[in-house]
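FYI, it's all coordinate maths here, none of it is from the lab. Being a predicted model, the structure only gives us computed values, none of them experimental. Cβ coordinates were reconstructed from backbone atoms using ideal geometry, including for glycine residues, and neighbour counts include every protein chain displayed.
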């Protein structure tokens with residue numbers, strides 16, 4: 001299932017300057033992750049962005065998980 005979800009994440013230099021997006025749409029992975037970290041529920045996100053699907057949100061989470069497994073630790077300043 002993880003690979004099926006990750007197939008929803010696309011990177012195209014002509015869309016959003018090459019940032020990871022969902023299904024070649026202009027919804028970036030970081031947008032969805034920011035919404036989730038701010039406390040938005042899946043239902044709220046899907047209501048506000050009707051072109052997204054539940055699997056898109058799960059794909060963003062799977063993508064973030066993959067990145068954290070293979071990226072070196074960086075402390076973020078707040």
Problem - Orientation-averaged projected area, Cα convex hull of the stretch 2-64 (nm²) - result: 3.8 nm²
Fill in the blank from the handout: Calculated from DSSP helices alone, with each H run of at least 4 adding -39500 (n - 2.57) and the total divided by the residues of the chain, [θ]222 nm to the nearest 500 comes to -14000 deg cm²/dmol
Completion exercise
Taking R0 as 22 Å and r as the Cβ-Cβ distance between residue 3 and residue 33, the FRET efficiency 1/(1 + (r/R0)^6), rounded to the nearest 0.05, comes to 0.65
